[in-house]
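Reading through the structure tokens given below for one structure.
The values are calculated or read from the model by the stated rules, or taken from the named source; none is laboratory data. None of the values given here were measured: they were computed from a predicted structure. Ideal geometry is used to build each Cβ from the backbone, glycine not excepted, and the neighbour counts take in all protein chains shown. Note: areas computed on protein heavy atoms with side chains; ligands, DNA, RNA excluded. Shrake-Rupley method; radii C 1.70, N 1.55, O 1.52, S 1.80 Å.
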Amino acid sequence: MAVLNITPDSFSDGGQLFSQKEIDIDKVLRTVEAMIDESADIIDLGGESTRPGATPITVQQELDRVIPVLELLSKRFDTIFSVDTSSPEVMLEADKAGAHLINDVRALRREGALDAALETGLPVCLMHMQNGPKSMQHNPQYQNVVSDVINFLDRRKLQCIAAGIPSDQILLDPGFGFGKTLDHNLALFSGLTQLAEQNHPIVVGLSRKSMIGQILDAEVNDRLIGSVTMALLSTQKIFSVGGSVILRVHDVKETKQALDVWHATEK
Ligand code: 9MG
């Protein structure tokens with residue numbers, strides 16, 4: 001899953017698809033084409049930054065950023081588009097514009113989100129986040145981060161199933177970096193096997209995140225090797241218990257190369 005941020009302020013690639021404060025459509029098209037060439041299977045399109053401290057935008061701003069781009073991309077490219085949103089209005093419009101998956105960092109907890117997701121009939125990714133992006137890194141606390149996150153995802157999953165979303169349309173994501181310290185993230189990383197045993201595909205988003213910056217003392221533009229290493233290690237962990245994984249990454253080519261080398265050695 002390749003990250004396509006149509007945002008001016010995302011933590012690692014914010015503003016890259018803008019020219020003079022406007023979305024640069026040619027750049028978006030070239031970027032998506034490259035991601036697909038590099039073997040991305042899913043393009044995850046987001047219009048609102050969820051980095052720590054991010055300022056929320058209005059629903060209309062999010063619609064204006066995401067929907068016209070998604071309409072264009074889904075007509076132009078024969079690939080899977082996921083929409084990274086928590087807004088029911090955006091979910092409904094994204095469905096009409098050609099989205100195939102809803103990726104919600106708030107696990108459909110916003111008012112009306114669960115009903116909207118159900119109405120679209122699209123698969124959903126439920127992610128764990130403690131508090132919202134604005135305050136989530138202010139002293140996050142857990143009894144036991146692995147069981148707290150697994151229990152949260154299990155509850156949300158059961159609520160979605162009770163509402164009518166089929167179980168096999170639900171993906172789970174521990175939400176690395178969303179209301180977690182480095183120790184929490186490392187514990188969750190070890191606990192990926194337990195999460196994978198829930199029998200849902202696991203979405204892992206570690207690419208360029210601060211956890212890697214903290215381990216390596218590296219700025220965001222110097223986290224490629226750490227990101228690829230984490231992608232490979234998380235895949236190995238999840239596969240070791242027969243699970244399946246979707247890696248949400250910025251660097252498609254490099255991640256795919258690491259996976260290809262690993263697969264070649266497994267033959
Ligand atoms: C939108 N977004 C940013 N980070 C993410 C992550 O780790 N997982 C998912 N599902 N979405 C994310």
Loop GluC sites (Glu not before Pro), region 78-148, which have at most 16 other Cβ atoms in a 10 Å radius of their Cβ (DSSP): Glu111
Whole number please: convex hull volume per residue, Cα atoms of region 2-266, in Å³. 122 Å³
What FRET efficiency would be calculated for the residue pair Thr58, Lys134, taking the C-beta separation as r and a Förster radius of 22 Å, to the nearest 0.05? 0.90
Could you pull out every one of the aspartates and glutamates with an alpha carbon less than 17 Å from that of Lys237, ignoring same-chain neighbours closer than 8 positions? Asp173, Glu197, Asp260, Glu266
Using a cut-off of 20 Å between alpha-carbon atoms, which aspartates and glutamates can reach Lys21, once sequence neighbours fewer than 8 places away in the same chain are excluded? Asp9, Asp13, Glu48, Glu62, Asp64
Would you mind telling me the antiparallel percentage of the DSSP bridges in the chain, rounded to 5? 10 percent
Can you list the lysines whose alpha carbon sits under 22 Å from that of Lys75, skipping same-chain ones fewer than 8 residues off? Lys27, Lys96
Just to verify a number: what accessible area does Glu197 come out at with the full protein assembly present, 1.4 Å probe, Å² rounded to tens? 110 Å²
By how many nm would the segment from Leu232 to Glu266 grow when fully extended, if each residue of separation counts as 0.36 nm and the alpha-carbon distance is taken off? 10.9 nm
Electrostatic dipole magnitude of region 2-266 [Cβ: Lys, Arg +1; Asp, Glu -1; Cα centre; debye, to 20]: 520 debye
Could you state how much accessible area Arg106 has, in square angstrom rounded to the nearest 10, with a 1.4 Å probe and all protein chains kept in place? 50 Å²
Solvent-accessible ranking of Lys21, Lys96, Lys237, Lys134, largest area first, probe 1.4 Å: Lys21, Lys96, Lys134, Lys237
Just need the relative contact order of region 2-266 here, percent rounded to a whole number, with Cα pairs under 8 Å and 6+ apart. 15 percent
